Amino acid sequence: MLTLTVQYFAILREQRGLTRETLTTAAATPTALYAELRARHAFTLPADRVRAAVNDEFVPATHPLRDGDRLVFIPPVAGG
């Protein structure tokens, strides 16, 4: 099991009701973790619409997670 810190932005923050949380998971990749969180918190965005950053760097969806990592799931944003 891994202990991770996850930060949420935009619609994910609204749907989760939190900006940040620390959790324990068996998820091995950002994709697996997002799937777990999507099921748990009813996130409406599919995984292919969300980018992941681990420890302040964008990573591929299959990047291996390590205990203590900090993740940010970044949904698409619109600007003006």
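Provide a single number: the residues in the stretch 21-51 that are touching a Phe, Trp or Tyr at 6+ places or on another chain (Cβ under 7 Å) and basic (Lys, Arg).
Of all residues in the stretch 21-51, those touching a Phe, Trp or Tyr at 6+ places or on another chain (Cβ under 7 Å) come to 34, 37, 47, 50-51.
Still in the list and also basic (Lys, Arg): 51.
Looking only at that region, the number is 1.
Within the stretch 30-45, track down each residue that is crowded, with 17+ Cβ neighbours inside 10 Å and either of a type in the set (Asp, Glu) or closer than 18 Å to Pro64 by Cα (or both). Steps first, please.
Keep residues of the stretch 30-45 that are crowded, with 17+ Cβ neighbours inside 10 Å, which gives 30-31, 33-34, 37-38, 43.
Across the stretch 30-45, the qualifying residues are Pro30, Thr31, Leu33, Tyr34, Leu37.
Annotation for the stretch 51-72: at least one member residue is of a type in the set (Phe, Trp, Tyr), modelled with pLDDT of 95 or more and out of contact with any helix residue (DSSP H, G or I) (no Cβ under 7 Å at 6 or more places or on another chain). Test Thr25 against the stated conditions and say whether it is polar (S, T, N, Q), out of contact with any Pro (no Cβ under 7 Å at 6 or more places or on another chain) and modelled with pLDDT of 95 or more. Yes, satisfied. The one condition from (1) of a type outside the set (Ser, Thr, Tyr); (2) surrounded by 12 or more Cβ atoms within 10 Å (Cβ to Cβ); (3) touching a Leu at 6+ places or on another chain (Cβ under 8 Å) that Gly68 does not meet is (2). Scan the stretch 1-16 for residues that are polar (S, T, N, Q) and under 10 Å from the mean Cα position of the chain (by Cα) and the total you get is 2.
Within the stretch 51-68, being over 16 Å from Thr3 (Cβ atoms) and either polar (S, T, N, Q) or in a helix (DSSP H, G or I) (or both) holds for one residue alone: Thr62. If you go through the stretch 19-45 and pick out every residue that is part of a strand (DSSP E or B) and either free of Cβ contacts under 8 Å to residues at least 12 places away in the same chain or under 15 Å from Phe9 (Cβ atoms) (or both), you end up with 2. Evaluated against (1) among the charged types (D, E, K, R); (2) surrounded by 10 or more Cβ atoms within 10 Å (Cβ to Cβ); (3) part of a helix (DSSP H, G or I), Asp48 falls short on exactly one condition, (2).
Scanning the stretch 1-18 for residues that are over 14 Å from Pro76 (Cα atoms), touching a residue at least 40 places away in the same chain (Cβ under 8 Å), buried (at least 16 other Cβ atoms within 10 Å of the Cβ) and of a type outside the set (S, T, N, Q) yields Leu4, Val6.
The values are calculated or read from the model by the stated rules, or taken from the named source; none is laboratory data. Model, not experiment: these values are computed from the prediction. Cβ atoms come from the backbone with ideal geometry, glycine included; neighbour counts cover every protein chain shown.
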